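The values are calculated or read from the model by the stated rules, or taken from the named source; none is laboratory data. All values reported here derive from a predicted model rather than from experimental measurement. Glycine also receives a Cβ, built like all others from the backbone with ideal geometry; neighbour counts cover every protein chain displayed.
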Amino acid sequence: MDFKFDDEQQLLQQVTNKYALTRLAPEADRWKDEPFAPEIVKELGDLGILGMRVPAEYGGSEASFVAMGIAAEELARGDFNVSYFLQLSAIAAKLLDGADEEIKRQWLPAIASGDSIVAFALTEPGVGSDAANLTCSARRDGDDWIVNGEKSSITFAGSADGCVVFCRTGGPGARGISMIFVPLDLPGVSRTKYASAGGHLSERGSLFFDDVRVPANHQIGVEGTGFIGAMEAFDFNRAIIALAAIGTASQSLDETIEYTKTRETFGQPLAKREGVAFQIAEHLALLHATRLLSYEVLALADAGLPHTSEAAMCKWLGPKQSVEAIHACLLLHGWTGYGTDLPFVQRLNDVMGLEVGDGTPEIMKAIIAREAFGREFSSYK
């Protein structure tokens with residue numbers, strides 16, 4: 001078992017790290033009050049970040065899942081929220097793989113270049129973790145689908161150009177759900193953005209569909225297979241989320257280590273005090289273990305092997321361990337750590353959002369238990 005990145009992966013790590021720390025980090029604080037600069041999305045496209053899971057024939061690089069994890073981890077050292085662009089581009093590429101050729105040729109190159117952002121709309125106001133019971137509907141009307149309903153807590157609801165909408169096209173349960181691609185400039189589409197403590201770049205919000213007419217060829221895959229597509233996208237992305245959280249926490253620990261070497265109390269640097277050094281050592285160990293688990297998930301995905309349970313493990317552990325590490329860094333900086341001049345409060349709020357997003361800790365544990373005990377013993381099928 002080889003734990004070392006190869007030469008190409010190391011180069012990706014170095015280039016992405018440099019971009020994150022020199023380009024993203026200095027401006028991360030701006031986006032709390034300003035719209036995100038579209039030129040940075042284009043830069044991510046030019047760097048090849050957004051096309052990592054897009055097929056080469058549509059302008060992407062078909063990079064490995066492990067490579068995608070490297071990029072997410074390093075980007076998040078500069079700005080955790082920028083990793084959302086990588087996540088959503090990869091999910092869109094995965095789902096649009098089953099779309100009509102016309103849709104793929106129009107949208108996949110635009111995703112890879114940063115010209116278009118495509119959202120993923122599964123959650124609804126009364127349907128979060130119990131996604132198989134969604135109510136947003138699509139009915140056939142001649143050569144069109146008519147989409148009606150509301151989707152909530154959608155990443156990039158405020159800025160996406162298109163969206164893969166999970167709709168009920170058949171009977172109850174998971175087998176009645178299909179995927180419909182909806183350009184968000186169509187008549188009948190409206191949106192709102194939420195006010196959140198963190199994750200400002202994600203422009204999380206609601207999408208509303210009021211008799212939105214979409215051509216029939218905008219259906220993705222076979223009717224009734226939408227829920228399967230959603231779950232497959234969740235699995236690999238849970239490891240990406242974990243690595244992005246770990247990247248932010250690792251950067252916070254690096255900065256805190258340097259701070260404790262120079263900050264003196266009672267004639268000695270903080271770093272010489274076991275109460276400080278042991279805290280940091282503990283977080284380094286826990287993050288390292290979770291990081292290895294996350295890359296194991298991505299290696300399994302690259303090999304085409306099952307990884308649902310492992311993905312749930314790292315989605316639970318990654319944000320949890322990262323929130324705890326960032327919180328410790330904040331406290332070790334004292335009152336200055338709690339202020340807005342340093343990045344710890346914002347990082348804490350940003351990463352905390354992914355303890356909820358893409359599956360709560362309770363759902364992750366339920367998935368792990370279901371895989372361990374068998375579905376017949378699970379409350380969640």
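Observations on the structure shown:
- Listed conditions (1) aromatic (Phe, Trp, Tyr); (2) surrounded by fewer than 20 Cβ atoms within 10 Å (Cβ to Cβ); (3) within 30 Å of Ile220 (Cβ to Cβ) are all met by Trp31, apart from (3).
- Number of the exception - Thr336 against (1) under 24 Å from Thr265 (Cβ atoms); (2) buried (at least 16 other Cβ atoms within 10 Å of the Cβ): (2)
- In region 252-281, the qualifying residues are those that are of a type in the set (Ser, Thr, Tyr) and at pLDDT 95 or above, and the one that is surrounded by the fewest Cβ atoms within 10 Å (Cβ to Cβ) is Thr262.
- Matching residues, region 341-379, being touching a residue at least 40 places away in the same chain (Cβ under 8 Å) and outside any helix (DSSP H, G or I): Pro343, Gly357, Asp358, Gly359, Thr360
- Residues that are more than 30 Å from Asp79 (Cα to Cα) and in contact with a Phe, Trp or Tyr (Cβ under 7 Å, 6 or more places away or on another chain) do occur in region 195-217, at least one of them.
- Top-ranked residue in region 327-351 [being charged (D, E, K, R) and modelled with pLDDT of 95 or more; ranked as nearest to Asp29 (Cα to Cα)]: Arg347
- Residue within region 309-317 that is modelled with pLDDT of 95 or more, surrounded by fewer than 18 Cβ atoms within 10 Å (Cβ to Cβ), more than 30 Å from Thr265 (Cα to Cα) and not hydrophobic (A, V, I, L, M, F, W, C) present: yes
- Those residues of region 109-132 which are closer than 23 Å to Arg191 by Cβ and either in a helix (DSSP H, G or I) or among the acidic types (Asp, Glu) (or both), in sequence order: Ala110, Ile111, Asp115, Glu124, Ala131
- Those strands (runs of 3 or more DSSP E) lying entirely in region 144-246 with at least 1 residues touching a helix residue (DSSP H, G or I) at 6+ places or on another chain (Cβ under 8 Å) and not assigned by TED's automatic domain parsing to the domain that holds Ala112: 144-154, 162-168, 177-183
- Residue match in region 4-16 (condition: of a type in the set (Asp, Glu) and in contact with a Lys or Arg (Cβ under 9 Å, 6 or more places away or on another chain)): no
- Restricting region 286-300 to residues that are of a type in the set (A, V, I, L, M) and closer than 16 Å to Phe3 by Cα, the residue that is surrounded by the most Cβ atoms within 10 Å (Cβ to Cβ) is Val297.
- Applying the criterion of being β-branched (Val, Ile, Thr) and at pLDDT below 95 to the residues of region 112-142, the residue that is surrounded by the fewest Cβ atoms within 10 Å (Cβ to Cβ) is Thr135.
- Filter pass, Leu284 being more than 30 Å from Gln9 (Cβ to Cβ), modelled with pLDDT of 95 or more, part of a helix (DSSP H, G or I) and over 19 Å from the mean Cα position of the chain (by Cα): no
- Tally, over region 135-182, of residues that are under 21 Å from the mean Cα position of the chain (by Cα) and more than 22 Å from Met231 (Cβ to Cβ): 3
- Count - residues of region 62-78 that are free of Cβ contacts under 8 Å to residues at least 40 places away in the same chain and of a type outside the set (Asp, Glu): 1
- Index of the failed condition, Ser252 passing every other in (1) of a type in the set (S, T, N, Q); (2) within 22 Å of Val41 (Cα to Cα); (3) touching a Lys or Arg at 6+ places or on another chain (Cβ under 7 Å): (2)
- Residue tally, condition farther than 21 Å from Leu354 by Cα, among the hydrophobic types (A, V, I, L, M, F, W, C) and in contact (Cβ under 8 Å) with a residue 24 or more places away in the chain, over region 188-221: 6
- Enumeration of residues in region 231-267 that are under 11 Å from the mean Cα position of the chain (by Cα) and of a type in the set (A, V, I, L, M): Ala233, Ala239, Ile240, Ile241, Ala242, Leu243, Ala244, Ala245
- If the condition is being assigned to a loop (DSSP other than H, G, I, E, B) and closer than 30 Å to Pro319 by Cβ, then region 97-108 contributes Asp97, Gly98.
- Residues of region 180-201 satisfying the condition of being surrounded by 19 or more Cβ atoms within 10 Å (Cβ to Cβ) and modelled with pLDDT under 95: Gly198, Gly199, His200, Leu201
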